[in-house]
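Presented below is the structure to which this report refers.
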Amino acid sequence: MSEQIETQNEIEVGNQVSGRVKHLGMYGALVDIGTGQDAMLHISQLAQDESRPFEEVVHKGDEITAYILKTRKDGHVALTMEKPPEVPWQTIKTGGTYTGTVIRIENFGAFVDFGAERPGMVHVSEMADGYVKSPNDVVSVGDEVEVRVINKKGGRSRQIDLSMKSEPEEIEVFDEQEEELP
């Protein structure tokens, strides 16, 4: 039996938990993680690099380590064996800055891994304040770069557009007093 989880903070999405597999079914496994209610590890939530069938990976009575995928107010907890990204999708905001590594270069730009679930893309026009002819003129694969999120598209594509340009300075606008119209 796994030890009782002491605080509500320990069952937040992304936290690592351990537990004992109590039941296997067609849908996955029920795991005792110490909350008083068994958590669900769906068969689709094995690690992405795992190619074996679910029944060969998880057995009744096994002690497993997993991560909290979802929680509900009624106490149900969904688990995943895939380690969550360092930067969760919901925390990525336009204007946010990150340090990442260039993982791929194309003619149109470079892809930067900054810990999100997928790399972001820096278009060649966003690589420097001046004109850039080729991404290779600015970065190489393996370079560590500072990037700023300029756009985040949800849905299936989940694209993250990044910039390496210096942040635009705030332009102070002075309101002139308007004259009253007759």
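The values are calculated or read from the model by the stated rules, or taken from the named source; none is laboratory data. The shown structure was predicted, so the numbers you read here are calculated from the model rather than taken from an experiment. So basically every Cβ, Gly included, is an ideal-geometry build from the backbone, and we count neighbours across all protein chains shown. All accessible areas refer to the heavy atoms of the entire protein, side chains included, with ligands and DNA or RNA removed. Shrake-Rupley method; radii C 1.70, N 1.55, O 1.52, S 1.80 Å.
For the range 137-161, which residues satisfy the criterion of being open to solvent by 70 Å² or more (accessible area, probe 1.4 Å) and either modelled with pLDDT of 95 or more or of a type in the set (Ser, Thr, Tyr) (or both)? Val141, Glu144, Glu146, listed by residue number.
So for the range 46-58 (the condition being open to solvent by 30 Å² or more (accessible area, probe 1.4 Å) and modelled with pLDDT of 90 or more), does at least one residue qualify? No, the range 46-58 contains no residue that is open to solvent by 30 Å² or more (accessible area, probe 1.4 Å) and modelled with pLDDT of 90 or more.
In the condition set (1) in contact with a helix residue (DSSP H, G or I) (Cβ under 7 Å, 6 or more places away or on another chain); (2) of a type in the set (Ser, Thr, Tyr); (3) closer than 30 Å to Ala47 by Cα, Ser163 is compliant with all but (3). Considering only residues that are farther than 25 Å from Tyr27 by Cβ and aliphatic (A, V, I, L, M), look in the range 78-98 and name the one that is farthest from the chain's Cα centre (by Cα). My answer is Ile92. Only strands (runs of 3 or more DSSP E) whose full extent lies in the range 1-111 are considered here, and the ones with at least 3 residues that are in contact with a helix residue (DSSP H, G or I) (Cβ under 7 Å, 6 or more places away or on another chain) and touching a residue at least 40 places away in the same chain (Cβ under 8 Å) are 63-71. Taking the range 112-135 as the range and being exposed (fewer than 14 other Cβ atoms within 10 Å of the Cβ), more than 25 Å from the chain's Cα centre (by Cα) and of a type outside the set (Asp, Glu) as the test, the residues that pass are Ser125, Gly130, Tyr131, Lys133, Ser134.
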